[in-house]
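Read-outs: derived from the displayed coordinates by stated rules, not from any lab. Quick caveat, the model's predicted, so the values are computed rather than measured. FYI the Cβ positions are ideal-geometry reconstructions off the backbone, even for glycines, and counts take in every protein chain you see.
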Amino acid sequence: MTKILFAFLLFFFPFFLLAQDEGSSLLDLIEEEETTNYASASFKSTHIINSQSIENVSEGVLDFRISHRFGTLNSGINNLYGLDQATIRIGFDYGITDRLMIGFGRSSVQKALDGSVKFKALRQSSGKKVMPITLSLYASIASNMLEWADAERENYFTSRLTYTYQVLLGRKFSEGTSLMLMPTMVHRNLVENTSVKNDVYIIGIGGRQKLTNRLAITGEYYYVIPDQIADIYHNSLSVGIDIETGGHVFQLQFTNSIGMIDKSFMTETTGQWGNGDIHFGFNISRVFTLKDRNKKPKEN
Amino acid sequence: MKTITTILLMAVTLSGFAQDKYFTRNGNISFFSSTPVEDIKADNFNATAVLDSKTGAFEFSVLMKSFNFKKALMQEHFNENYVESSKFPKSVFKGSIENISDVDFSKDGEYPVAVSGEITLHGVTKQITTPGVLTVSGEKINSNAVFKLSPEDFDIEIPSVVRDKIANEIEVTVAAELEALKR
């Protein structure tokens, strides 16, 4: 009798198992495939404020940036606290691939032309592939296009050039918080005199904190390791907010730097926050999708 | 001997049940928003679906981050600002085919079905009902349905500046080819 009952129970055992399935999800029947989840949108834009961020524009996307810096806040009511004076940079950044971006710009400061290339070497990810940080390599070249200071002297075109090399390390710590560390070297072909260095080593830090989905506060600071540049130059500190509306990102900021290209704000910042040499400014970024992405379904 | 028979019997019972279920990992779910200003389309080819042909129970699951848009920035905004993919990574449908008895899984053909159930998106669960079609061809079953969802119903906030670009009702198309689930 017991044996029959036992066999009976065994026979029905699968039914009990299935019965248990009823309550839970059918989807539990198939194993979930683990995917790699890349961190995205660590920053709203390719630039934190003046500095590069770890973001690139996607393949086939052109980012048109107009940046303005006004005069200093301490210039008085007569100059409307700096608003009477304005400097501008017009720039374009284009994504050759999702990870490789090139840029070009022109500034009113020194009538400088600049070109850049940024490559995202490592991408922060979780899931199947784990990578704690994003690492980008960045290089730019700037050419001062002002008249030669001393036209009598023999002047070389190369003397106009300055190069900037950066390793951009960044991590999106949470949905709202991203931080960056940016070891930098600026090489200046021509310097004022022998007491200053051609190669200048700098450490940059930057970050952003989202307040809402479309609003964030940002900040960046570039610390020049002492005794490399002339005493009249100071470290660059900028704080701002990012406002995103559809295809535009508006960045409003306060900064002690008037130049908007790498070598200018990193090594030629004359203003000091303590003295009130603070410039109000804004960047407007507008992206244009020049090439549609044709993503094919993943082959299995 | 008896034990072996019992175990065999048990195995037969189990495998018998297994053939009732069909699944896919590569289901296609797309959505389309059309306004005079802009048409927006996004495709996802990685939807998971399981159908129980016996009870009619039908479930879908989709990772929001694997929706592909033509414009990269739209995709970023979709994930960041609208469906908030990091907070709500998945959208799930749990429901059933009400007239499952009308579908003969052993005979090829198109069977119109009525699907109803609950869809969870952006953390909000809503009841939906839609007509659909199951197409049986040999071992495979194609499931197709088109229905409309409103972002508002799922607490997806659309700011006034882009209000003209995003339709009030978004057309969702489901096309999934299911195969027998073998355990």
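Ordering B:Asn168, B:Pro151, B:Thr120 by Cα displacement along the dipole of chain B toward the positive end leaves B:Thr120 in first place; charges were set at the Cβ atoms of Lys, Arg (+1) and Asp, Glu (-1). Helix B:2-18 axis versus longest C-alpha principal axis of chain B: approximately 30°, rounded to the nearest ten. Between B:Ser33, A:Ser195, A:Ser264, the Cα set farthest toward the positive side of the dipole of the protein assembly as shown (charges on each charged residue's Cβ, about the Cα centre) is that of A:Ser195. Summing Lys and Arg as +1 and Asp and Glu as -1 over all other residues whose Cβ lies under 14 Å from the Cβ of B:Asn142 gives a net charge of -4. Reported value for segment B:21-180: 104 Å³ per residue, from the convex hull of its C-alpha atoms.
Expressed as a fraction of 2.2 N^0.38 Å, the value expected for a compact globular protein of N residues, the C-alpha radius of gyration of the protein assembly as shown is 1.31. The value obtained for segment A:40-289, namely the Cα convex hull volume divided by the number of residues, is 133 Å³ per residue. Overall, segment A:40-289 carries a charge dipole of about 1040 debye about its Cα centre when +1 sits on the Cβ of Lys and Arg and -1 on the Cβ of Asp and Glu, all other atoms neutral. As I understand it, the value is the acute angle between the Cα axis of helix A:2-23 and the longest principal axis of the Cα atoms of chain A; what does it come to in degrees, rounded to 10? The two axes meet at around 30 degrees. Assuming charge only on the beta carbon of Lys and Arg (+1) and of Asp and Glu (-1), the dipole of segment B:21-180 about its Cα centre is about 340 debye to the nearest 20. Rg over Rh for segment A:32-168 works out to 1.11, both radii taken from alpha-carbon positions and Rh defined as the Kirkwood radius. So which trypsin sites (Lys or Arg not before Pro) in segment A:114-184 end up in coil per DSSP with only 13 or fewer other C-beta atoms within 10 Å? Those satisfying the criteria are A:Lys128, A:Lys129, A:Arg153. Around the Cα centre of the protein assembly as shown, unit charges on the Cβ atoms of Lys, Arg, Asp and Glu (plus for the first two, minus for the last two) sum to a dipole of about 760 debye. Sites listed here are trypsin sites (Lys or Arg not before Pro) in segment B:93-179 whose DSSP assignment is loop and whose Cβ has at most 12 other Cβ atoms within 10 Å: B:Lys107.
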